1. Please find the FRET efficiency linking Ala251 to Glu41, where r is the Cβ-Cβ separation and R0 is fixed at 30 Å, and quote it to the nearest 0.05.
2. Restricting attention to the range 329-391, which chymotrypsin sites (Phe, Trp or Tyr not before Pro) occupy a DSSP loop and are surrounded by at most 16 other Cβ atoms within 10 Å?
3. Can you pull the Kirkwood radius for the range 163-235, inverse mean 1/r over Cα pairs, to one decimal in Å?
4. For the range 109-166, build the convex hull from the C-alpha positions and give me its volume per residue in Å³.
5. Over the range 105-159, with the other protein chains present, what is the accessible area per residue in square angstrom, probe 1.4 angstrom?
6. In whole Hz, what ³J(HN,Hα) sequence does the range 52-64 give by Karplus (6.51, -1.76, 1.60; θ = phi - 60°), x for Gly and Pro?
7. Once the Cβ-Cβ distance between Glu27 and Ile260 is put in as r, and R0 is 22 Å, what FRET efficiency do you end up with, to the nearest 0.05?
8. By how many degrees, between 0 and 90 and to the nearest 10, does the Cα long axis of helix 12-23 differ from the longest principal axis of the chain?
Amino acid sequence: MKTSVVIVGGGPAGLLLSQRLHQQGVENIVCESQTREYVLERIRAGVLEWGSVEVLRDSGVGERMDREGHVHDGSDIVWAGQHRLKMNTRKFTDRPMMAYGQTNITEDLYAARDAMGGQIIHQAQDVALHDLTGDRPFVTFTRAGAQERIDCDFIAGCDGFHGVSRRSIPDGERSEYEKVYPFGWLGILSETPPLPDIIYANTERGFALCSQRNAMLSRYYVQCTLDTDINDWPDDRFWRELKARFPKDLADAIVTGPSIEKSIAPLRSFVVEPMAYGRLFLAGDAAHIVPPTGAKGLNLAISDVFYLSRALCAHYRQGNDAYLESYSDMALRRVWGAARFSWWLTSLLHRFPDQGAFDLRAQQQELAYLSASESYMKAVCEQYAGLPFEV
Ligand code: RFL
Ligand code: PHB
């Protein structure tokens with residue numbers, strides 16, 4: 001086979017890139033190792049920055065999001081069992097946020113790709129990238145036992161943290177920056193009405209979060225230790241622990257019910273530099289992981305794709321490679337902004353095993369200062385709302 005761009009990975013980053021390139025007449029093939037059903041079953045992100053909302057609309061996948069997504073003014077933080085503050089992005093940055101699930105976005109992208117006749121290969125095994133620094137790179141894989149090959153001009157590595165693309169950059173040519181946190185999030189999805197707001201909690205029992213997908217679908221998380229066994233957490237234990245981490249009025253308002261999904265996510269920060277090597281360009285979780293506290297992972301995948309699609313379209317439509325050449329630097333500036341913010345919010349809201357009395361007081365003081373200082377809150381909201389895209 002032959003195409004202009006092979007996109008490795010059919011998660012949100014790969015599908016959105018495929019859609020945006022196709023809209024501009026740039027041929028591409030998506031090569032995904034799993035089945036479509038598997039990709040659609042992953043329950044992940046739920047909070048979109050307004051910049052992401054606009055990119056999704058511009059990509060022709062905004063219709064259901066605008067109908068079903070919940071536009072809100074930002075998220076709340078409760079702490080010390082009583083104080084409540086709002087990261088009011090609408091007030092401080094003029095930009096609201098949107099609650100709309102990653103599962104829905106992925107469904108919308110698949111529907112849009114199908115409608116345009118996009119080519120997506122599923123269950124591609126042993127995907128390998130070749131000749132990345134030559135003029136004619138290619139991708140090989142096996143499908144149903146047969147070896148296949150796609151020749152192309154460029155390869156987009158959108159295959160997530162465990163994918164093959166990042167590892168195809170030789171060891172000596174890449175730098176990796178990593179921080180692993182000594183806890184995870186135990187999350188559940190339940191078909192119950194959510195609280196009206198997204199609320200993060202810093203409590204002595206550990207972090208917790210009330211979030212939402214739609215009027216009858218709620219998402220909740222509690223901080224857990226890394227050795228937590230999900231089998232030790234039947235629903236009633238989860239609900240008890242969640243409610244114990246919120247002030248009484250909020251705990252009483254949480255509507256409980258059977259969980260329809262339950263999983264544990266360890267927390268990690270990770271960035272690879274550069275995000276390009278020869279004719280390979282990385283986007284999304286393939287290049288960086290942020291702890292979910294800042295709600296930035298999917299938003300970064302979308303901003304990477306915005307930059308990369310613009311760069312590839314400028315190459316094909318105007319013969320201009322300036323954006324391709326600056327892709328890695330430009331994407332990394334935004335990535336580090338979000339990586340720093342996600343690390344900071346994680347540090348502010350969680351209990352760490354080695355946290356001493358001094359650290360705890362400093363954490364509480366920072367929350368008190370955030371409650372008291374409009375200028376500090378404005379700086380936080382600018383980052384929670386999402387830094388602007390570079391022109
Ligand atoms: P994905 O979604 O991991 O998709 C990568 C795809 O590549 C495929 N793949 C391969 N294909 C071919 N060959 C190979 N060798 C391959 N290896 C892998 C995989 O099957 C998969 O389909 O990465 P992508 O597209 O970059 O998207 C990134 C987002 O999924 C991720 O950043 C977010 O989910 C992170 N995240 C959140 N982000 C937000 O912006 N807001 C949030 O509120 C938010 N909440 C979250 C989150 C992530 C979480 N977890 C589970 C880590 C909450 C949680 C709990
Ligand atoms: C979610 O709804 O899954 C969610 C919301 C906010 C976050 C992380 C995850 O910071």
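The values are calculated or read from the model by the stated rules, or taken from the named source; none is laboratory data. What you see is a predicted model, and the numbers here were worked out from it, not measured in a lab. Counting neighbours? That spans all protein chains shown, and the Cβs are built from the backbone with ideal geometry, glycine included. Note: areas computed on protein heavy atoms with side chains; ligands, DNA, RNA excluded. Shrake-Rupley method; radii C 1.70, N 1.55, O 1.52, S 1.80 Å.
1. After rounding to 0.05, the efficiency reads 0.50.
2. Values: sites: Trp336, Phe341, Trp343, Trp344, Phe358, Tyr369, Tyr376, Tyr384, Phe389; in loops: Phe389.
Within the range 329-391, the qualifying chymotrypsin sites (Phe, Trp or Tyr not before Pro) (loop, at most 16 other Cβ atoms within 10 Å) are Phe389.
3. Values: mean 1/r = 0.0656 Å⁻¹.
For the range 163-235, inverting the mean 1/r across all distinct Cα pairs yields 15.2 Å.
4. Working: hull volume 6.1 nm³, N = 58.
Here the figure is 105 Å³ per residue.
5. Values: 2410 Å² over 55 residues.
Using a 1.4 Å probe on heavy atoms only, each residue of the range 105-159 averages 44 Å².
6. Working through the residues one at a time gives 5, 4, 5, 5, 5, 4, 4, 8, x, 10, x, 4, 5 Hz.
7. Values: r = 39 Å, r/R0 = 1.78.
So, using R0 = 22 Å, E works out to roughly 0.05.
8. Orientation of helix 12-23: about 50 degrees from the principal axis.
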